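The next block holds one structure in the form of structure tokens; read it before the comments.
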Amino acid sequence: MNLILAILLMVVCLLAGFFLGTWFSQRQTKKLLMDNPPLNEDAVRLMMGSMGRKPSEVQVQQILRQIRAAAKQSDTNKK
């Protein structure tokens, strides 16, 4: 009886550790992407430059704010 209880306890702890680890890593990844988005000012300038425009600093900042707001809204809608 003790052997079955020990095995059952190990399986429960293994599953709990797996789910807690997955949840924690997802949370950290989302936080990292919100703090350091993959699209930065240089990428926006390059993208607008490839479309034949010379963007001003105000336009670049406006686009970055829109991207961050959209990401934040998407994150809150999923919860």
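Just so you know, all these numbers are worked out from the coordinates, no wet-lab data involved. Keep in mind it's a predicted model, so treat the numbers as computed, not measured. Every residue, glycine among them, receives a Cβ derived from its backbone with ideal geometry; neighbour counts consider all protein chains shown.
Applying 1/(1 + (r/R0)^6) with R0 = 35 Å to the Cβ-Cβ distance of residue 67 and residue 19 gives a FRET efficiency near 0.65. Only lysine pairs 8 or more places apart, or on different chains, with alpha-carbon atoms under 26 angstrom apart are counted in the chain, and they number 6.
Gyration tensor over the Cα atoms of the chain: the corresponding equivalent ellipsoid has semi-axes (square roots of 5 times the eigenvalues, largest first) of 48, 12, 8 Å. The residue among 14, 33, 50 whose Cα reaches farthest toward the positive pole of the charge dipole of segment 5-58, with charges on the beta-carbon of Lys, Arg, Asp and Glu, is 50. For segment 20-35, putting each phi into the Karplus relation 6.51 cos²θ - 1.76 cosθ + 1.60 with θ = phi - 60° gives couplings of 5, x, 5, 4, 5, 5, 5, 5, 5, 5, 4, 5, 5, 5, 6, 6 Hz, in residue order, rounded to whole numbers and with x for Gly and Pro. When shorter helices are ignored and each DSSP H run of at least 4 residues is given -39500 (n - 2.57), the per-residue value for the chain at 222 nm works out to -29000 deg cm²/dmol.
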